[in-house]
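In what follows, a single structure is set out as structure tokens and then discussed.
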Amino acid sequence: MKYLSLVFIFFISYNIDAQELFVVTEPASNAPAGSIGVRVGQSIMDNKHESGSMYNLTPEVTWGINKNLMVRTSAFLSNQENGLGLKGGGFYAKYRFFSVDDLQSHFRMAAFGRYSYNNSFFNQEAIDLANGNSGYEAGLVATQLIHKVALSSSVSYVHALNNPDYSFPDALGKNAVNYTFSVGKLMHPKKYTSYKQTNINAMLEFTGQTITENGKSYLDVVPSIQFIINSQARIDLAYKKELYSSMQRAASDGVFLKLEYTFFNVTK
């Protein structure tokens, strides 16, 4: 009975953190220790350069090494040139270095880094390490959870590199500051009775960038809804809308769909 109670508390705790699993931003919390997460992200964006849409497909694998450290590998596929094809890949790591936990609330801070390899041609001023740019990123993220509401914000430095077959244009800025703010709320269930209950989270995320060489910037808003099924399967549906931009972008508005499944206690 004591063992079953501990298991139940574990899953309740996991569900309490569920609204921190944002769609287009990362919170300070990590993937569960010893877990392996498999995710496929898809987006269909309006193409500003020509008629039609830009489709991006991003398979990812996440490993929760321990409670403070997680890593993720990604592959980038796009239909920008000659149909859908592999354009590159990336590696992401996040280390949680500060945590204050209380009953149904906590505050956490983490440092993160990213390296991306892309072999697409350059078609915008914005630096995008997932869809177009090779480069690296380093930053900090802080997340506050209060009962059913999570607030999260991050700031990072981004540097773009040459793509293997394309040199970075001299007229564009290679350095930028990225910033995000996200809020998520657990909408359902109103009261937990089992970890098998489906969680429904509503979220609003803001993502922006400023090129440090010329001061050009943009700001997007991303409303989304998220379903977490049996504490393991996750479905995200979001829409991104540009609020402001002083830079040229290949795509800004579009729909996101992410599917993820987490395997617990795989590497313990």
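The values are calculated or read from the model by the stated rules, or taken from the named source; none is laboratory data. Treat the numbers as computed from the prediction; the structure is a model and nothing was measured. As a convention, Cβ positions derive from the backbone with ideal geometry for all residues, glycine included, and neighbour counts pool all protein chains shown. These area figures cover heavy atoms from the full protein model, side chains too; ligands, DNA and RNA do not enter into them. Shrake-Rupley method; radii C 1.70, N 1.55, O 1.52, S 1.80 Å.
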Please report the net charge: other residues with Cβ closer than 13 Å to the Cβ of E260, K and R +1, D and E -1.
+2
So I have (i) -0.51, -0.62, -0.73, -1.29; (ii) -0.87, -1.01, -1.14, -1.40; (iii) -0.56, -0.67, -0.78, -1.22, and one of them is log10 I(q)/I(0) by the Debye sum over Cα atoms at q = 0.10, 0.11, 0.12, 0.16 Å⁻¹ calculated from this model. Which one is it?
(i)
For M70, M187, give me the order by solvent-accessible area with a 1.4 Å probe, most accessible first, ignoring ligands, DNA and RNA.
M187, M70
Charge context of P223, other residues only, Cβ under 10 angstrom, K/R +1, D/E -1
+1
Taking 41 Å as R0, compute the FRET efficiency from the Cβ-Cβ separation of Q42 and F107 and round it to 0.05.
0.80
Can you work out the accessible area per residue across the chain, with the rest of the protein chains kept in place, probe 1.4 Å, in square angstrom?
48
For the range 69-162, listing chymotrypsin sites (Phe, Trp or Tyr not before Pro) in a DSSP loop whose Cβ sees at most 13 other Cβ atoms within 10 Å gives F121
Can you give the Rg and Dmax of the range 115-181 based on its C-alpha atoms, in angstrom?
14.9, 49
Helix-only estimate, please: 222 nm mean residue ellipticity of the chain, summing -39500 (n - 2.57) across DSSP H runs of length 4 or more and dividing by its residues, to the nearest 500.
-2000 deg cm²/dmol
With a Förster radius of 35 Å, plug the Cβ-Cβ distance of D165 and K196 into 1/(1 + (r/R0)^6) and report the FRET value to the nearest 0.05.
0.10
What net charge do the residues around V71 carry, taking every other residue with its C-beta under 15 Å from that of V71, with Lys and Arg at +1 and Asp and Glu at -1?
+3
Measuring from the longest principal axis of the C-alpha atoms of the chain, the long axis of helix 2-16 (C-alpha) lies at a number of degrees, nearest 10, equal to 30
Tell me, what % of the accessible area of the range 181-268 is carbon and sulfur with a 1.4 angstrom probe?
64
Ordering I44, I211 from largest to smallest accessible area (1.4 angstrom probe), what's the sequence?
I44, I211
Once you've got the Cα coordinates, tell me which of K87/K216; K67/K258; K174/K241; K67/K94 are over 19 Å apart.
K87/K216; K67/K258; K174/K241
When the chain is treated as a Gaussian network with springs between alpha carbons less than 10 Å apart, the largest mean-square fluctuation among E125, E81, E26 is found at E81
Full extension between F97 and L84 adds, at 0.36 nm per residue less the Cα distance, a length in nm of 0.7 nm
